[in-house]
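Bear in mind these aren't lab numbers, they're just calculated from the coordinates by the rules spelled out. This structure is a prediction, so every number in the text was calculated from the model and none was measured. Using ideal geometry, Cβ is built from the backbone for each residue, glycine included, and neighbour counts are taken over all protein chains shown.
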Number of protein chains: 2
Amino acid sequence: MRMPPRKKVGIKDVSREAQVAISTVSHVLNGTAPISAEVRTRVLDAARRLGYLAERQTKATITALHTVLLAVPDDALPENEINLFSWTVLNALTRECERRGVRLVPLAGGGPLTAKRIVEAAMEASADGILLINDDRRELLHGISNAGLLTVLINGEDQEMKVDSVAPGNRFAAQMATDWLISRGHREILHLTWEGRTTITRRQDGFIDAFRANNIPRSGAHVLQAAGYEPKMGEDAIAAWLKDNDGPGDVTAIFCAADNLALGAMRALTAAGLDIPGDISVMGFDGVALGELVSPALTTVDVPLNQMGPEALHLLERRVLANDSERAAQRLELGCKLVIRQSVAAPRT
Amino acid sequence: MRMPPRKKVGIKDVSREAQVAISTVSHVLNGTAPISAEVRTRVLDAARRLGYLAERQTKATITALHTVLLAVPDDALPENEINLFSWTVLNALTRECERRGVRLVPLAGGGPLTAKRIVEAAMEASADGILLINDDRRELLHGISNAGLLTVLINGEDQEMKVDSVAPGNRFAAQMATDWLISRGHREILHLTWEGRTTITRRQDGFIDAFRANNIPRSGAHVLQAAGYEPKMGEDAIAAWLKDNDGPGDVTAIFCAADNLALGAMRALTAAGLDIPGDISVMGFDGVALGELVSPALTTVDVPLNQMGPEALHLLERRVLANDSERAAQRLELGCKLVIRQSVAAPRT
DNA sequence: TGAACTTATGAAAATATTTTCTTATTGATT
DNA sequence: AATCAATAAGAAAATATTTTCATAAGTTCA
């Protein structure tokens, strides 16, 4: 694995690009002399453009991390196409590690994760820290931190606020999605979800928040639990719901807690002869499914999956560098974006 | 304001400390040669001990920030001792800026903050970014980001997930505090709060969460609104409550959403002839009040106020450096700690 | 058992960066 | 108009850091 021989950029290259002397660049970078705003901007822009700032930044932190243990529970393994979520996250993480020259030692398979297994694997690899994805059980976290190992959770949260974590801003994102439905005129909305971990219930919280924030009667917020997050389960849940209620009733929109569920729901709705979005609107969450390719294209919430891994790495670096157990644990929530396509319309009047 | 002439540490000093050659240190730091785990550790430890790693880290980021506008709404001004919260945060922030040589231009007083005022002030100071404390109104955020200025919120949150922010982990912390009360045996708990911003309602969420997580009847969760967060208002609210209900009734513990309220509550309870914690337990939140000096000493939740400013600065730096509007907004929650003192005991049986 | 490798470390050469000091320009003050 | 002070930028000297290459010590294998 050899990088293209992109020769390192230095302060010299920046000075040429910005048309100033080498020393001037140094002065700008260190604030060791008065510099006019104009030149300062020119230099900084050049430095950024050439990737000098980024390189410098990388070099400063890279030091701390040599080997990182990546613990992946079986159900996050991207064995089936279903778990595109984890796959995307892990993929971006792997690439970032390669880029930075961090050795990533995976621990996966071989039955359920236990603190013992993780600690042993970390010792064996003499890892500087641990990244743990999709698993935030208390016993696990206790076991690991008792061994004095530094850990960052990806797509999880430590309720005891001892361990750093990165997760999507589920609650706000779900509220934003529901807000959008409400703004289109929907008042009776079904939230299709499943009994997942706390990070999934946050989406339900946000769904409810939106009703409160918009002063809409909470009686319009309906919740339906599917058996899991696979498309088939969403399909079954919606089919059963349609049957029980003899059609969608007052409900004019379905907000699904995952794109996969939304795909299943759309199948069930179409099978029941309902038009999307004419008769009923559907909204997803995650932005991983090929929502663009189904018909109608799925309106959804885009989660910045590609940024979760790198951010986790960054938290781990800072933790290793600081090496200060007094420092408060950090929980990082990444903002999500609405992706508006065709599966949502105003309700029939 | 002159730093003690602590001469800069370099790779040379590290090599001496770690008893290796200069080049070896360089190799460790850059991964440019195979290094034994033993030497690697020795070098890294030495580098950390001497503050070399920290210095390097600082240097890498300092570049991006020269001038920062600090916008402080009137009600966060530390004019009265009441707002020890803001005072502590601002104090730590100021010191961090001094340490790093960042120029901090305050914008405060002169009536309510408006987007226009902030944008103009930022332009005038040619600020690289804005720190906004205790104010996250939508119009304000829209106005600022429309002007293309980078902003980080301190003790606030952007529901639209466009702007980075730092805040305490209010929800989990409140749950932790309530958990503690429940673990001592309390089942009927009063949450004393006020109509604050969303960050305050998060504490109420956590209070409720604890009942759910512990499978305790939610009928035991009582909420009482004070007129504000000053001690006097807590005192009045509790006095009125005691009067209305002819004593505390079944309630055996009061969890206050702020230390100031707790101090007031304690005064009202004592005035009513109740013993703390014999008759009723009291728990605070914030860890700023002189809870250690009151009698009995106040059990509370310690919020890492000193870290909020520096973390906000760090977010701003990264944002300026990346200069990538595609990058998702980040919301950083800092973990809090339980401080156990004397004001909480098991309820009378 | 000794040639061929591999792993570790350091000395010295090659680079990169910072600091000091000089010079130019502008505007204010006598 | 001459002088001074403040602001900007750069040349050159002083340092700091990285890289290349040499060497030692162990390992493997025919």
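Put a dot 7 Å past each Cα toward the Cβ at B:Ala297 and B:Ser219; how far apart are the dots in nm?
It is 3.9 nm.
Can you find, among B:Leu53, A:Phe211, B:Thr193, the residue sitting farthest towards the positive end of the charge dipole of the protein assembly as shown, where Lys and Arg contribute +1 and Asp and Glu -1 at Cβ?
In the protein assembly as shown, that residue is B:Leu53.
As an exercise, use a Förster radius of 25 Å and the Cβ-Cβ distance of A:Arg49 and A:Ser26 to find the FRET efficiency, rounded to the nearest 0.05.
Approximately 0.90, to the nearest 0.05.
Using the Cα centre as the reference, give the magnitude of the dipole from point charges on the C-beta atoms of chain B (Lys, Arg: +1; Asp, Glu: -1; all else neutral), rounded to the nearest 20 debye.
So the dipole magnitude of chain B works out to roughly 1600 debye.
Size of the dipole of region B:27-159 about the Cα centre, Lys and Arg at +1 and Asp and Glu at -1 on the beta carbon, nothing else charged, in debye to 20?
Using only the charged Cβ atoms, the result is roughly 800 debye.
Restricting to DSSP loop positions (anything but H, G, I, E, B) with no more than 15 other Cβ atoms inside 10 Å of their own Cβ, which GluC sites (Glu not before Pro) remain in region A:265-341?
A:Glu292, A:Glu326
Positive end of the charge dipole of region B:170-303 (Lys, Arg +1 and Asp, Glu -1 on Cβ, about the Cα centre): tell me which of B:Phe285, B:Leu261, B:Ala239 has its Cα farthest that way.
It is B:Phe285, whose Cα lies furthest towards the positive end.
Hey, fewest Cβ within 10 Å first, where do A:His66, A:His142 land in order? If you can, show how the numbers build up before the last one.
Values: A:His66 20, A:His142 14.
Ascending number of Cβ neighbours within 10 Å: A:His142, A:His66.
Which percent, to the nearest 5, of DSSP beta bridges fully inside the protein assembly as shown are antiparallel?
15 percent
So what's the net charge close to A:Ala221: Lys and Arg +1, Asp and Glu -1, counting the other residues with Cβ under 11 Å from its Cβ?
Around A:Ala221, the charge tally is +1.
Which value in deg cm²/dmol, rounded to the nearest 500, describes the helix-derived mean residue ellipticity at 222 nm for the protein assembly as shown, given -39,500 (n - 2.57) per DSSP H run of n ≥ 4 and division by the residue count?
-14000 deg cm²/dmol
In whole Å, what is the distance between the alpha-carbon centres of region B:290-349 and region A:229-281?
Centre-to-centre distance over Cα atoms comes out at 42 Å.
Using 7 Å Cα-to-Cβ label points, what is the A:Asn245/B:Glu120 separation (nm, one decimal)?
Roughly 5.3 nm, to one decimal.
Rounded to the nearest 20 Debye, what is the dipole magnitude of the protein assembly as shown about its Cα centre when Lys and Arg each give +1 and Asp and Glu each give -1 at the C-beta?
Dipole size: approximately 2860 debye.
Multiply the residue gap between A:Thr58 and A:Arg137 by 0.36 nm, knock off their C-alpha separation, and tell me the result in nm, one decimal place. Write out the running numbers ahead of the final one.
Working: separation 79, 0.36 × 79 = 28.44 nm, distance 3.23 nm.
Contour length minus the Cα-Cα distance gives 25.2 nm.
Put +1 on the Cβ of every Lys and Arg and -1 on every Asp and Glu Cβ in the protein assembly as shown; which of A:Leu104, B:Thr67, B:Val25 then has its Cα farthest towards the positive end of the dipole?
Farthest towards the positive pole: B:Val25.
Going by Cα centres, region A:113-184 and region A:27-67 are how many Å apart?
Using only Cα atoms to place each centre, the spacing works out to 32 Å.
Using the basic label-point model (7 angstrom from Cα toward the beta carbon), what is the A:Thr349 to B:Arg341 distance in nanometres?
It works out to 6.3 nm between the two label points.
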